[in-house]
Each structure stands twice: as structure tokens, then as C-alpha cells.
Number of protein chains: 2
Amino acid sequence: MNAKDILLKAVQCDKEGRILEAQNLYQDGIQLLMDVVSGETDKAKNRVYMERIKEYIDRAEQIKLRVQRHMESGEIVASIPIDENSTGHSYKSLFGKYLNGDVKEILLDEPYLTERYQFQNFIALLELAVKQCKKLKYVRLVTKPDPKNPAGQESILRQIKDDLLQRNITLAVKFEPSLHDRKIILSNGYIIKIGRGLHFFKPTNPLYSLGLCDYDFRNCLQTDVDICRTKTFS
Amino acid sequence: MNAKDILLKAVQCDKEGRILEAQNLYQDGIQLLMDVVSGETDKAKNRVYMERIKEYIDRAEQIKLRVQRHMESGEIVASIPIDENSTGHSYKSLFGKYLNGDVKEILLDEPYLTERYQFQNFIALLELAVKQCKKLKYVRLVTKPDPKNPAGQESILRQIKDDLLQRNITLAVKFEPSLHDRKIILSNGYIIKIGRGLHFFKPTNPLYSLGLCDYDFRNCLQTDVDICRTKTFS
């Protein structure tokens, strides 16, 4: 897509309340417009471009602020302590009811996505979201790059992205080497914070025992889950 | 346990309607009593033993007949065709509603349990049963022995057995080299027959895509599911 199409799509997403996707599109569009400007010698044209760029930067900034405020102004609706070796804490059991038909966008900050079981946890969350959030259109994942095998990590994430795209859901991945905090932000106004992020399940031991498929049977690591409600993004 | 304890337990299970477990216990107890008889020289004592043995053999035979009749006299309550590459056919979606609080015993005829994914399917079925059948006490699995690695197969089944025992559920395994038909018989009167048995899910491709954990997202192989209702065993 060229800058114009991307920015048109950004405005459309913005109108439909898919603001995370809009924010990403604004950023991509701005980058492309910048490239156009740097190759353009006509000063009058450049002035028009620059005005446009400023406009889109402002809009992307507004969205960023809105999401930030959204995260700060929440009231806690549930605090769930997960005890060491306790069971019954699949994602569905823990916070499935908040992943409902109103969710259009999900923002996931999960620093660790490099091991097989970590990708599996990510898939389990996506399966729950796709099943329950019928209007889901956009997932933004922020994670740390794999220092050992960045190409492998990117390849798996690309596979997941292609899979979601077949269901008309866009997965945008952003790598942040210094990311620490974990959270799941839903566009219906709920924020789920788990101390350990997605990875609080112990492996089944021995391998073939209950819990291999249904995570409600898995023993857990100790962690705390806080669920906040704020206003919806949009 | 000695013969007396086993047979006492058999009678108790029989009274509680756990007749598959009772049948197994009668058979084990009869075997042990036979051993006692063969080592006993007192003819009067042996006569008493033999009467007892006959009594238990009759009872075990009655149970066998009852289960057989149970399987013959069903009416079909649902016929579900599964199309090639269709989705939405996890065990829960297909027949979860029949695995309810009335089920005390399950008999599973599944010829193929040797590959990793096959054990995983078996675990998925057990997870569903344990979650939904709160009174479940006994599962009898009939399967073909693994011609290549019988020790490996037995070892995995022993692990699963130990795991279920911690939940007060007995898993009895019977190997039948000539087994072909697949079925799941529930003691609440439902029989689930799937042409391909438990193994009608295609693997995810690529590995990391939706369906890795939630089988509702898996593409399926073509097969048919028939669900019959008969009287309860007990």
C-alpha cells in the first residue's frame, strides 16, 4: 500500500474505534510520507506534505495519550492470587469472561516469547480471544527480541500472523529489548495484569497426564492476577 | 489385595452400579481363588471354594450380557457427519453434553494408542471426562498392543493410570491384538461411535497456528459420529 492508502485506512480504523490499528497505520503512513518529502524538490508541495504529516503525528500522539490515560484511570475489579501448585487457572477460567463480543483490539505486552511452551501459551490466548471476541480485528504484541535466535522467533511470529490474517485479524509485532512489565489490554476497557505474564503454568510431569491439553489441570507457579476496568479506548 | 478383599470390593462396586469395575474385580478374584484351590488338598474346603467361584463366574457373565444388551438396544439420538477439513469438532463440541454427572464408568475401545498425538487425544478425552463427570470412578480402555514398542506403550499407560488414581479413578487397560471397532460407552446409557475413533484431527500446519491447544480450531479428517442412547448399565 502507498502512503495515501495507508493513511486512508488509518482514518477509517480510527473512526471505527480500532485505534491501536489506526495508530500503527498513522506511524507507517507518516514514515512513507517522510520518504516522499525527502525526494521532493518542489517546496510548495513539501509544505502541504509537512502539514499533513504534522496532522497525522498529532493524531497518533492523541491515541497514545488516550491509551495511556486508559491504563492509569482503572479501578480494580478482581484480584486473584494464584498459589504455588494450585490448579484451575486456564486463561479462560481466570479472565475468559472479559474477552467478550465488545473487544475489537488487544494489546499484549509479554516480554518472553522464545521457547516452545511460550509460543504455545500465546496461541492458547489467541484461541480464546478468537473464539470469544467475534469483532476482534487487531492484536498488537510487544515482546523482547530473542537474543539467541531472532530469525526463528520472527519466523514463528510470521506464521501466527498469516494464520490470523486468514481470519481477518491483523497481528502487529513490536520488539522492545527493555520490556519488563506484562499486561493484556482489551479495547472493551479491561486490563489484565499477571505478575508472570502468560507463563505461569508448570509442565505436566510425567508428560502424559491430565493438563497436557486442558490448562485447568496444570499446576501453576505462584503469581497474582489483577483485573482493572477503565473506559473503553474508543 | 487377597481374593477375599477383591471379591468383597467387587460385590460393593456391583451394588453401587459400577459394574464394569465389578466385572474386572470378579475376574481377578476368581483367578486368585482358582490358585488357592489348586494348592488346597482338603476336598471339603475345595468344594466350598468351587461353589464360590461358580457364583462369581455367573455374576461376571451376567454383567457381560448386560453390557452387550445395552449396546444392542440403542436408539440413535444424533448422527454428525464430519467433513474433510471442517473445524469445530473438539470432543467437547461433539459429545461433551453426554459426559455428565451421571457417568460413573466409561468403556473405551480405541485400537490405536501408540503415537504421541494418539496419547494426547486420549488425555484430551480423559480431561473432558474428569471435568464433567464428577462421579467418574472407572475407565476401561481396550486397545491393540504396540507391536514395535510394547514396553513404551505400557509405561505411558501406567503413568496415566497413576495420574487418574490420584483422582480416585481406576484405569484398567486390556490389550486386544485383533480389536477393530471404536466406541465410547458411558454408564449413563450413551454410546458414542466415531468411524475413526479418537483420531480424526489433522495436525496444525504450520505447527504454531490456532488449533495447537484448542481442538475446535483443528481441521478434521472425514468421519461420521453416531450417538446412541440405551438404558443405563446399572
Residue B:140 vs (1) within 14 Å of another protein chain (Cβ to nearest Cβ); (2) more than 30 Å from residue A:160 (Cβ to Cβ); (3) surrounded by 15 or more Cβ atoms within 10 Å (Cβ to Cβ); (4) of a type outside the set (A, V, I, L, M, F, W, C): all pass except (1)
| If you go through segment A:138-145 one residue at a time, do you hit one that is modelled with pLDDT of 95 or more and touching a Gly at 6+ places or on another chain (Cβ under 8 Å)? | no
Practice prompt. Using the structure shown, decide if residue B:90 is in contact with a helix residue (DSSP H, G or I) (Cβ under 6 Å, 6 or more places away or on another chain) and either at pLDDT 95 or above or farther than 29 Å from residue B:35 by Cα (or both).
Written response: yes
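Each row is one residue, and each column tells you yes or no for (1) under 18 Å from the mean Cα position of the chain (by Cα); (2) surrounded by 13 or more Cβ atoms within 10 Å (Cβ to Cβ).
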| position | (1), (2) |
| --- | --- |
| B:41 | no, no |
| B:56 | no, yes |
| B:59 | no, yes |
| B:96 | yes, yes |
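Just to be sure I understand, how many residues within segment B:99-137 are of a type in the set (Gly, Ala, Ser) and in contact with a strand residue (DSSP E or B) (Cβ under 8 Å, 6 or more places away or on another chain)?
Of the residues in segment B:99-137, the ones of a type in the set (Gly, Ala, Ser) are B:101, B:124, B:129.
Add one more test, that the residue is in contact with a strand residue (DSSP E or B) (Cβ under 8 Å, 6 or more places away or on another chain), and what stays is B:129.
Residues in segment B:99-137 being of a type in the set (Gly, Ala, Ser) and in contact with a strand residue (DSSP E or B) (Cβ under 8 Å, 6 or more places away or on another chain): 1 in total.
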Within segment A:14-27, residues without any contact (Cβ under 8 Å) to a residue 24 or more places away in the chain and buried (at least 16 other Cβ atoms within 10 Å of the Cβ) come out as A:25
Of those in segment B:31-64 that are out of contact with any Phe, Trp or Tyr (no Cβ under 7 Å at 6 or more places or on another chain) and of a type in the set (A, V, I, L, M), the residue farthest from residue B:107 (Cα to Cα) is B:44
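Considering each of B:25, B:33 in turn, give the residue that is touching a Lys or Arg at 6+ places or on another chain (Cβ under 7 Å) and over 28 Å from residue B:189 (Cβ atoms).
Values: B:25 fails: over 28 Å from residue B:189 (Cβ atoms).
After applying the criteria, what remains is B:33.
Being crowded, with 17+ Cβ neighbours inside 10 Å, over 15 Å from the mean Cα position of the chain (by Cα) and within 14 Å of chain A (Cβ to nearest Cβ) is true for just one of B:153, B:166. Which residue is that? Talk me through it step by step, then tell me what you get.
Details: B:166 fails: crowded, with 17+ Cβ neighbours inside 10 Å.
After applying the criteria, what remains is B:153.
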>> Yes or no: segment B:83-100 includes at least one residue that is away from every other protein chain (no Cβ under 14 Å), in contact with a Leu (Cβ under 8 Å, 6 or more places away or on another chain) and of a type outside the set (Asp, Glu).
In response: yes
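If you scan segment A:203-231, which residues turn out to be within 14 Å of another protein chain (Cβ to nearest Cβ) and among the charged types (D, E, K, R)? Break it down stepwise before answering.
So in segment A:203-231, the residues within 14 Å of another protein chain (Cβ to nearest Cβ) come out as A:203-219.
Hits for segment A:203-231 are A:214, A:216, A:218.
In this structure, does residue B:174 turn out to be within 14 Å of chain A (Cβ to nearest Cβ) and in contact with a strand residue (DSSP E or B) (Cβ under 6 Å, 6 or more places away or on another chain)? Give the steps one after another, and end with the answer.
Values: within 14 Å of chain A (Cβ to nearest Cβ): no; in contact with a strand residue (DSSP E or B) (Cβ under 6 Å, 6 or more places away or on another chain): yes.
Answer is no for this residue.
For segment A:40-55, indicate whether the set of residues that are within 30 Å of residue A:201 (Cβ to Cβ) and assigned to a loop (DSSP other than H, G, I, E, B) is non-empty. Can you show your working first?
First pass over segment A:40-55, keeping only residues within 30 Å of residue A:201 (Cβ to Cβ): none.
Checked segment A:40-55: no residue is within 30 Å of residue A:201 (Cβ to Cβ) and assigned to a loop (DSSP other than H, G, I, E, B).
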Subset of segment B:112-155, residues within 21 Å of residue B:180 (Cβ to Cβ) and free of Cβ contacts under 8 Å to residues at least 24 places away in the same chain, comes to B:115, B:147, B:150
Looking across segment A:121-137 at residues that are within 9 Å of chain B (Cβ to nearest Cβ) and charged (D, E, K, R), the single one that is surrounded by the most Cβ atoms within 10 Å (Cβ to Cβ) is A:127
query = Is there a residue being under 14 Å from residue B:80 (Cβ atoms), aromatic (Phe, Trp, Tyr) and within 17 Å of the chain's Cα centre (by Cα) anywhere in segment B:194-203?
reply = no
Take residue A:82 and decide whether it is closer than 19 Å to residue A:190 by Cα and modelled with pLDDT of 85 or more. no
Among strands (runs of 3 or more DSSP E) completely within segment A:70-173, the ones holding 2 or more residues that are out of contact with any His (no Cβ under 7 Å at 6 or more places or on another chain) and within 20 Å of residue A:220 (Cα to Cα) are A:75-82
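The values are calculated or read from the model by the stated rules, or taken from the named source; none is laboratory data. All values derive from a computational prediction rather than experimental measurement. Neighbour counts run over all protein chains shown; Cβ positions are idealised from the backbone, glycine included.
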